[in-house]
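Please treat every number below as a calculation from the coordinates, not as lab data. This is a predicted model, so every value here is computed, not measured. Note that we place each Cβ from the backbone using ideal geometry, even for glycine, and neighbour counts take in every protein chain shown.
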Amino acid sequence: MLANQSAEAQYILPQPAGSEEEEIVSIIDSALPETVCDSVYTMSVSVRELPEGYMNLDTETAVHLTENIVASYPDWETVELNGKLRMEGLPLTPNIRIYMERNRSVSISIRAPFVGEVGRLEANADSVSAINKMNRTYSTYAVADSPVPVDVSTLQCLLLGRINIPGYGQFGTETASLVDMYVTDNFQQILILPKQEAEIEGCSYGFVTDGEGMLADVIVTIDSAVDDSVTVEYNRANDSTDIDILATIGERIYNAQLELKAPKWNTGDLAPVVLGPKYRRLSFRDFLKAF
């Protein structure tokens, strides 16, 4: 693994139920606005009382919603996603190509016009590595050491706009028992929160969907002195999806948007990245500061 190798060597990255108002749960810090899937808002997750206007989803409706969600998730083995990356600080709007092998690996190639590949993100079951080819730096860390649930299945579901229960996999009939569902009285929003057995030590997370179960937001808060947080929001059109990512890490705020075209199922993979002896390894925070 890259984490165990020296930056002075030549190497190749691997390819990759309670009451309506009194129940205390890990939920959105402030009451969620009444919005649909293309909404734009930011939130954080913490332990609070259930927001006013939400109630437990009855069993029959929860089963029907689960069936709707499962039916909207086509089965797959490999997939390619193409689009653009917009991020504050980038002088250009680079193209991105994402290749994923289900439950095995994720490769994200960032390419600038007239320059070629300028960056790469590689993730597998053991580690996540980010490479900046422009300033010849990289950062890598073990998945087991991350405060955020960034296992391969979770990352793949985030990119595909699917609900994932970290450690258990993609949401479906077998994992539906691991969450509680809450609904607004007009059925415009569903709030999906993990039960105790699916909670993650050190952070809180939850999902917001529209009334049909289409994912609108993923919210994660990391338990720390400054409560680092990540919000992922989805805005969909007929043949594309915009994924807005807002991360607050310490005193820094990072915002990025992926504009992705429709998935291409069962396609070829990306070539591995070769790092020369001039590449420097940085901590994750120092790597982000380079942008």
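Name the residues of region 158-172 whose amide N is less than 16 Å from a point 7 angstrom out from the Cα of Glu199 along the C-beta direction?
It comes to 166, nothing else.
Report the convex hull volume per residue for region 70-184, counting only C-alpha atoms, in Å³. All intermediate terms of the calculation are to be shown ahead of the outcome.
Working: hull volume 17.3 nm³, N = 115.
Looking at region 70-184, the number lands at 150 Å³ per residue.
Sort all Cα-Cα distances of region 23-289 into consecutive 10 angstrom bins from zero, then give the percent of pairs in each bin up to the one containing the longest distance.
Bins of 10 Å from zero give 6, 29, 37, 21, 6, 1 percent of pairs.
Going by average Cβ neighbours within 10 Å, how do the peptides 68-75, 216-223 rank, with the highest at the top?
Sorting 68-75, 216-223 by mean packing, highest first, produces 216-223, 68-75.
Step through the residues of region 172-182 one at a time and calculate ³J(HN,Hα) from phi using the Karplus curve (6.51 cos²θ - 1.76 cosθ + 1.60, θ = phi - 60°), rounding each to whole Hz and writing x for Gly and Pro.
x, 4, 7, 10, 4, 6, 8, 10, 10, 10, 10
Per Stokes-Einstein, at 10 °C and 1.306 mPa s, what whole-number D in µm² s⁻¹ belongs to region 163-243, with the Kirkwood radius over Cα pairs as the hydrodynamic radius? Mind dumping the intermediate values first?
Details: Rh = 13.7 Å.
For these conditions, the coefficient is 116 µm²/s.
Mind checking the dipole of region 57-100: about its Cα centre, +1 per Lys or Arg Cβ, -1 per Asp or Glu Cβ, Debye to the nearest 20?
On the way: 3 positive and 7 negative charges, 101 e Å.
The calculation lands at about 480 debye.
Exposure proxy check: Glu60, Glu122, Glu117 ranked by fewest other beta carbons within 10 Å? Before the final figure, lay out the partial values.
Details: Glu60 8, Glu122 24, Glu117 17.
Going from least to most buried by this count: Glu60, Glu117, Glu122.
Test of the criteria: in region 191-291, which GluC sites (Glu not before Pro) are in a DSSP loop and have at most 13 other Cβ atoms within 10 angstrom of their Cβ? Kindly include the intermediate steps, with their values, before the conclusion.
Working: sites: Glu197, Glu199, Glu201, Glu212, Glu233, Glu251, Glu259; in loops: Glu199, Glu201, Glu212, Glu251.
Sites meeting the loop and neighbour criteria: Glu201, Glu212, Glu251.
Looking at region 54-131, which chymotrypsin sites (Phe, Trp or Tyr not before Pro) are in a loop (DSSP not H, G, I, E or B) and have at most 15 other Cβ atoms within 10 Å?
On the way: sites: Tyr54, Trp76, Tyr99, Phe114; in loops: Trp76, Phe114.
Sparse-neighbourhood loop chymotrypsin sites (Phe, Trp or Tyr not before Pro): Trp76, Phe114.
Just add up the charged neighbours of Ile253: K/R +1, D/E -1, any other residue whose Cβ is under 12 Å from the Cβ of Ile253. Before the final figure, lay out each step's value.
On the way: positive: Arg252; negative: Glu88, Asp228, Glu251.
Here the charged neighbours net out to -2.
Charges at C-beta only: +1 for Lys and Arg, -1 for Asp and Glu. How large is the resulting dipole of region 217-265 about its Cα centre, in Debye rounded to 20?
Details: 4 positive and 10 negative charges, 62 e Å.
The dipole of region 217-265 has a size of about 300 debye.
Say the dipole of region 23-289 comes from +1 at the beta carbon of Lys and Arg and -1 at that of Asp and Glu; which of Gly213, Ala247, Ile69 then lies farthest toward its positive end?
It is Ala247.
For region 129-276, just run the numbers: alpha carbon Rg, then divide by 2.2 N^0.38 Å, N being how many residues it has. Before the final figure, lay out the partial values.
Working: Rg = 16.9 Å, N = 148, 2.2 N^0.38 = 14.7 Å.
Ratio of Rg to 2.2 N^0.38 Å for region 129-276: 1.15.
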